[in-house]
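Visitor: Would you mind keeping the following structure in view while I ask a few things?
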Amino acid sequence: MRKTFIIIISCLFLSQGVQAELESKSEKSNAPKVFLGLEYFQGDSTLESDLSGAISASLEEDFDLSGFKIKMGKEFKEALRFQAYIAIEDAEDGFENQILILGADVIKRFPINSKISPFLLAGAFAGSTELEDSPGIEYVDDQLHMLGLKIGLGGIFHVNQSFEVVLGADFNYRKWQEIKYIGGGSSVTLEQNDQSNVWYAGFNYHF
C-alpha cells in the first residue's frame, strides 16, 4: 500500500512537471517575436496636379517608382503583426529628388500550413522630398511634405523558424501639401495627390 502511494505521488509530480514544461513552451511560442526585414519595391503612379493663381490648370502625369524599405516589427497572438519602417523612393519622372518615407503597418496573417501564410495589410505613412528651383520657377518652400494611406495583400513563405520570404502588392494614396512658386513674376499655387500600385519582394529575420 505504501509503495502504491509513493508511485502515485511520483506520477503526480512527474505529470505536473511535464505540464509546466508544455505551458512554458506554449508561452514562448505565443510571446511577441521581433523581426527585422528588407524589401525592394517598384510600381507605377498617377500624379494629379491643380494649379491656381496666375495660372489655372489641371494636369495628370504617370510615372514609375522604385526603392527599398528597412523595417522592424513584432508578431503577436492571433497571427497579428505590427511593423514600422523607413523607405527611400525614386520617382523617376514625378519628382526630381528622392522621397524619404516613414510609416507603420498592421498585418493579419492567415496561415494555410507551417510554410505559407497569405496576409492582408493596412498602413499609414508620411514623407518628404526636397524642391529645387529651376529657370523661371522659384519655390517659396524648399521641401514638399505628404501624408498617405495604403492597403495591400501578399504571402509569407516561412523557410524556417527565423527566416521568411515576403511577396506583396499595395495600393497607395498620397496627399501632398499645397505649395507656392513664383513663375514669370507671378505667384502660382500647386496642389497634388497621387495614387500608386506597388509590388515588392523581401525577407524578414526573426530573433
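The values are calculated or read from the model by the stated rules, or taken from the named source; none is laboratory data. Every value quoted in this text rests on a predicted model; they were computed, and no experiment measured them. Ideal geometry is used to build each Cβ from the backbone, glycine not excepted, and the neighbour counts take in all protein chains shown.
Visitor: For the subset of region 152-183 comprising residues that are surrounded by 13 or more Cβ atoms within 10 Å (Cβ to Cβ) and of a type in the set (Val, Ile, Thr), which member is farthest from Phe35 (Cα to Cα)?
Guide: Residue satisfying both the conditions and the ranking: Ile182.
Results for (1) more than 21 Å from Ser196 (Cα to Cα); (2) touching a His at 6+ places or on another chain (Cβ under 6 Å); (3) surrounded by fewer than 18 Cβ atoms within 10 Å (Cβ to Cβ), shown as yes or no for each residue.
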residue: Glu92; (1), (2), (3): no, no, yes
residue: Ile99; (1), (2), (3): no, no, no
residue: Lys115; (1), (2), (3): yes, yes, yes
residue: Gly123; (1), (2), (3): no, no, no
residue: Leu149; (1), (2), (3): no, no, yes
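Visitor: Which of the residues spanning region 54-70 are surrounded by 14 or more Cβ atoms within 10 Å (Cβ to Cβ) and in contact (Cβ under 8 Å) with a residue 40 or more places away in the chain?
Guide: Across region 54-70, the qualifying residues are Leu65, Lys69.
Visitor: One residue is enough: does region 97-104 have a residue meeting the conditions among the β-branched types (Val, Ile, Thr), within 17 Å of Phe203 (Cα to Cα) and under 11 Å from the mean Cα position of the chain (by Cα)?
Guide: no
Visitor: In the set Leu147, Leu167, which member is modelled with pLDDT of 95 or more, under 13 Å from the mean Cα position of the chain (by Cα) and within 30 Å of Phe110 (Cβ to Cβ)?
Guide: Result: Leu167 is the single residue among Leu147, Leu167 that is modelled with pLDDT of 95 or more, under 13 Å from the mean Cα position of the chain (by Cα) and within 30 Å of Phe110 (Cβ to Cβ).
Visitor: Pick out the one residue from Asn172, Asn193 that is at pLDDT 85 or above and either under 19 Å from Phe68 (Cα atoms) or in contact with a Cys (Cβ under 6 Å, 6 or more places away or on another chain) (or both).
Guide: The unique qualifying residue is Asn172.
Visitor: Let me ask something else about it. So which residues in region 75-90 are in a strand (DSSP E or B) and closer than 20 Å to Pro118 by Cβ, if there are any at all?
Guide: Within region 75-90, Glu75, Leu80, Arg81, Phe82, Gln83 meet the criteria.
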